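Read the figures in this text as sums done on the coordinates, not as results from a lab. Because the structure is a prediction, the values reported are computed rather than measured. A quick note on method: Cβ atoms are made from the backbone with ideal geometry, for glycine too, and the neighbour counts reach across all protein chains shown.
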Amino acid sequence: MPDHLHRLLALRSGSLATLLKRIKARSAQAINREFGLSGQLRQCAYHDRAMRRDDDLQAMARYVVANPLCAELIPKLADYPLRDAV
């Protein structure tokens, strides 16, 4: 997605806030380096949701995979390389 990111994560240790801070910092550094930019790239806020059952996880995974189609970034789901990830 050009304006946001979806991730399905299972934490082994630590906090989600710390992990996301690291992911955002490292990706911002790489993007800034690649394009000769500086400064903050991403918003600090995030939205999380706990998946308590397998069917909740499967439904969320389907939502994530279908998101580029819903945003009209791809003409059909068959064009998306991660379509079989669920």
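Projecting the Cα atoms of G36, A66, H6 onto the charge dipole of the chain (Cβ charges, centred on the Cα centre) puts G36 farthest toward the positive pole.
Take every Cα-Cα pair in the chain and report what % of them are more than 23 Å apart. Let's see the in-between values first.
Values: 1434 of 3655 pairs.
Pairs farther apart than 23 Å: 39 percent.
Panel note: the C-alpha atoms of the range 1-50, placed on their principal axes, show extents of 36, 22, 15 Å (largest first).
The Cα center of the range 1-28 and the Cα center of the range 30-62 differ in position by 5 Å.
Dipole magnitude for the chain: about 420 debye, using +1 per Lys or Arg Cβ and -1 per Asp or Glu Cβ, origin at the Cα centre.
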